[in-house]
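FYI, it's all coordinate maths here, none of it is from the lab. Here the structure is a predicted model, which is why all the values come from computation and not from measurement. Cβ placement follows ideal geometry from the backbone for every residue including glycine, while neighbour counts extend to all protein chains displayed.
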Amino acid sequence: MQAEIRAENKKPEAKKKFDVVIIGAGPAGYTAAIYTSRAKRETLVISGILPGGQLMLTTEVENYPGFPEGVMGPDLMTNMRKQTERMGAVIIDDEVVNVDFRRRPFKILTNSEEYEAEAVIIATGASPRKLGAKGEQEFSARGVSYCATCDGPFFKNQEIIVAGGGDSAMEEAIFLTKFAKNVHVIHRKDKLRASKIMQDRAFENSKIKFHWNSVIEEIRGSEKVNEVMIKNVSTNKEETMNVGGLFIAIGHEPNTKIFKGQIELDDQGYIALKNHTHTNVDGVFAAGDVHDHRYRQAITAAGFGCMAAIDVDKYLSENKKNS
């Protein structure tokens, strides 16, 4: 009798094999899961260390369609998660630590479990490089930003700093002059790394001021950023600037470390796509900032998630016919 009771109380074993495993739970991952689930594909989403992606670290989002009054980044991602779950996808908050794409079914190992999949969508995104300055983390999304396109309109008629000296930094600085009173470029060297055409455009813009041989030492404020201390590395002279915002444009790191040796990456570490959202491994797809180092927007990531899901559904259908 006791054995029967124990058997009745035993929880069913969690499912380990899925049609599709999606690695990453930002706009790309959630959108992909919505589409694959609606296509009746058994879908698992492994969220990673930051469920919801970079939008969980932002405040108001004004450029995502469908929200005329704007939406808070975390609220947008919470709604995407709820919609994904309503479609029938399984979401687990765990981190993938290893994968095996050399044989099928593909194997995906997390901190706590191993899963198998007939197809995989990689949507792990990319992380902005940090300065490491004091106060940077504290004021993230409170005056410190890593995306001018996303946040520039919030800084109208203010003094703004852009940290960096490459093409991305010059693009950010030029874009921000549409809104800012002045844009101060802080660069640790005495010349830019940007291409000549981008340098010329920046130098010709009267709103852009250059501070050479300088680094950001500390970011200060109360509710939001209002002061940034910079240091000249040649003279050691320190200067405090009163600014409304700081945009850090020193590049991004694609979250692809665990995929090295498994799929093809480009020279910057981003996933190299071969045919739409396909990688060089048949059955493995990618969506969002993990391969897109040009646009890096929530809406484009969601679009890539949609495309990857449609490609996956077609792949699984064709694979079943041929098996």
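Here are some notes:
- Cα shape, the range 170-225, gyration tensor, a/c 1.5 rule: oblate
- Estimated translational D of the range 174-323 in µm²/s (Stokes, Kirkwood radius over Cα pairs; 4 °C; 1.567 mPa s): 68
- Modelled spin-label separation between ARG129 and LYS16, with each label point placed 7 Å from Cα along the Cα-to-Cβ direction: 4.2 nm.
- Unpartnered cysteines - no second Cys beta carbon under 4.7 Å - across the chain: CYS306
- Quarter the surface of the alpha carbon convex hull of the range 130-248 and you get the mean projected area, 6.5 square nanometres.
- As a rough footprinting exposure proxy, the listed residues GLU69, GLU118, GLU42 were ranked by other beta carbons within 10 Å of their own, and the order from fewest upward is GLU69, GLU42, GLU118.
- Alpha-carbon spread of the chain, three principal axes, descending order, Å: 79, 45, 39
- Residues in the range 92-107 reached by a label modelled at ASP282 [backbone nitrogen below 17 Å; 7 Å Cα→Cβ]: 101-107
- Distant-in-sequence amide H partners of THR110 (H built 1.01 Å from N, under 5 Å): VAL97, TYR115
- Extension gain (nm, one decimal) between LYS207 and ILE299, 0.36 nm per residue minus Cα-Cα: 30.1 nm
- Förster radius 45 Å - calculated FRET efficiency between ASN242 and LYS274, Cβ distance, rounded to 0.05: 0.35
- Residue-span extension gain [ASN98 to LYS260] - 0.36 nm each, minus C-alpha spacing: 57.3 nm
- The chain: angle of helix 298-322 to the longest principal axis, Cα-based, in degrees nearest 10: 30
- Among LEU316, LEU76, LEU246, the ranking by other beta carbons within 10 Å of each residue's beta carbon, starting with the fewest, stands as LEU316, LEU76, LEU246.
- The range 282-289 - phi-based ³J(HN,Hα) in whole Hz, Karplus 6.51/-1.76/1.60, Gly and Pro as x: 4, x, 10, 10, 9, 8, x, 5
- For the range 264-323: Kirkwood Rh in Å [reciprocal of mean 1/r, alpha carbons]: 12.0
- Between LYS224 and LYS196, residue separation times 0.36 nm minus the direct Cα-Cα distance comes to 6.6 nm.
- Ranked packing of 122-129, 148-155, most packed first, by mean Cβ within 10 Å: 122-129, 148-155
- GNM top mover of ALA309, ALA25, ALA133 - the chain, alpha-carbon springs below 10 Å: ALA133
- Across the range 138-148, rounded Karplus estimates of 3J(HN,Hα) from the backbone phi angles (6.51 cos²θ - 1.76 cosθ + 1.60, θ = phi - 60°) give 4, 9, 4, 6, 10, x, 9, 9, 10, 8, 5 Hz, Gly and Pro being marked x.
- Across the chain, C-alpha contacts under 8 Å between residues 6 or more apart give a mean separation that, scaled by the residue count, equals a relative contact order of 20 percent.
- Kirkwood analysis of the Cα pair distances in the range 115-168 returns a hydrodynamic radius of 14.3 Å.
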